[in-house]
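Please read the structure below before turning to the comments.
The numbers here are math on the coordinates, done by the rules we state, and not lab data. All figures in this text were calculated on a predicted structure; none of them were measured in a lab. Positions of Cβ are backbone-derived with ideal geometry, glycine not excepted, and every protein chain shown enters the neighbour counts.
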Amino acid sequence: MEVFQENNKKHNHGTGKVIGIVLRCILMLLGITGIVCFIMPLLSYGIMNIWNISGLAVSIVLLLVSIFFSFVLKQLKALCKSLAGRIICCAAAVLLCTAIILAAVISGFMIKSALNSPENDVTLVVLGCRVIGEEPSLMLEERLSAAYEYLSENEGCCAVLSGGQGSGEDISEAECMYRYLTGRGISADRLYIEDKSVSTRENLMFSGKIIEAENLNSDIAVVTNEFHVYRASMAADDLGMNSYAVPAKTTWKLFPTYYFRELFGVMYEWVF
């Protein structure tokens, strides 16, 4: 019996060691991948904001935990010896699991919304994004590329170009989009400028008024980056607009940062 118990202990110890190695490797892989992904906007485009800083911070923490895994494990075991420590560990575990579940659920909604393609001609609503001087930023160019492709393939379709002029922009986002599309052969008669909005909700609200005033097709397809389609569709639903999606593909160098930001944006929409 004692021999059996001893063998069982060795087996459990061996299993625990393997699980620990696997977990350590996963944490290290996540940390390194996160650091690369969240530092790329800075290295490639000079973009440094709260979202890639936060992503970098989390990734560095994951990497450090993997490097000092044994030490962290010992500290957790020591913490769990007290009731207060067990409560803290349980609360942290619940928060972590909740965050993972929320991210998975929101990602599912994002994918579903991005796949909601229009079957017939609709009115495009192209959501604005940052303009650098008078030129479109990379993310705005991605949206314009998607809009151009759709307009070229659907010649009976019109588009509302929606976006005001922000600080550091020499022209409105709508004007920048208008110049881009007309410069590539899209007829000006098919384009309508909405240059007063400063948010996604205003983009859709003010565009809806133009659609109504010009007697355009009230069914719309929102042109924006794939991660942003779901939040835009929620705003459209609130405004009573029947919306579809023409998603723009985001470069991988920017996707993690803005996907991370969008998770919080969706949760804000859900709550407020």
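If the limit is 21 Å between Cα atoms, which of Lys112/Lys196; Lys112/Lys253; Lys17/Lys77 go over it? Walk me through the numbers before you get to the answer.
Numbers: Lys112/Lys196 30 Å; Lys112/Lys253 23 Å; Lys17/Lys77 15 Å.
Pairs exceeding 21 Å: Lys112/Lys196; Lys112/Lys253.
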### Summary
Under the helix-only model (-39500 (n - 2.57) for each DSSP H run of 4 or more, divided by the residues of the chain), the mean residue ellipticity at 222 nm, to 500 deg cm²/dmol, is -22000 deg cm²/dmol
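Between Lys209 and Ile171, take the C-beta separation as r, use R0 = 30 Å, and let me know the FRET efficiency to the nearest 0.05. Display every interim value, and only then the final one.
On the way: r = 22 Å, r/R0 = 0.73.
Calculated transfer efficiency: 0.85.
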### Message
How much of the DSSP bridge set in the chain is antiparallel, in percent, rounded to the nearest 5?
### Response
10 percent
### Query
Taking only the alpha-carbon positions of the range 87-229 and ignoring solvent, what does the Debye formula give for the base-10 log of I(q)/I(0) at q = 0.15, 0.16 Å⁻¹?
-0.74, -0.81
### Summary
Label model pair Leu96, Arg130: point-to-point distance (7 angstrom along the Cα→beta-carbon line) in nm is 3.3 nm
### Query
Once label points are set 7 Å from the Cα along Cα→Cβ at both Leu43 and Ile67, what is their separation, rounded to one decimal in nm?
1.7 nm
### Summary
Taking only the alpha-carbon atoms of the chain, the convex hull volume per residue, in cubic angstrom, is 173 Å³
### Task
Can you give me the P(r) profile for the range 21-104? Cα pairs, bins 10 angstrom wide beginning at 0, each as a whole percent.
17, 35, 35, 11, 2
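Starting with the highest mean, order 225-232, 81-88 by the number of other Cβ atoms within 10 Å, averaged over the residues of each peptide. Intermediate values should be presented prior to the final figure.
Details: 225-232: 24.8, 81-88: 10.6.
The peptides rank, most packed first, as 225-232, 81-88.
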### Task
Please determine, in degrees from 0 to 90 and to the nearest 10, the orientation of helix 255-271 with respect to the longest principal axis defined by the Cα atoms of the chain, where the helix direction is its Cα long axis.
80 degrees
### Query
Where in the range 223-263 does the label zone of Arg184 land, with the point 7 angstrom along Cα→C-beta and an amide N cut-off under 16 Å?
223-226, 246-251
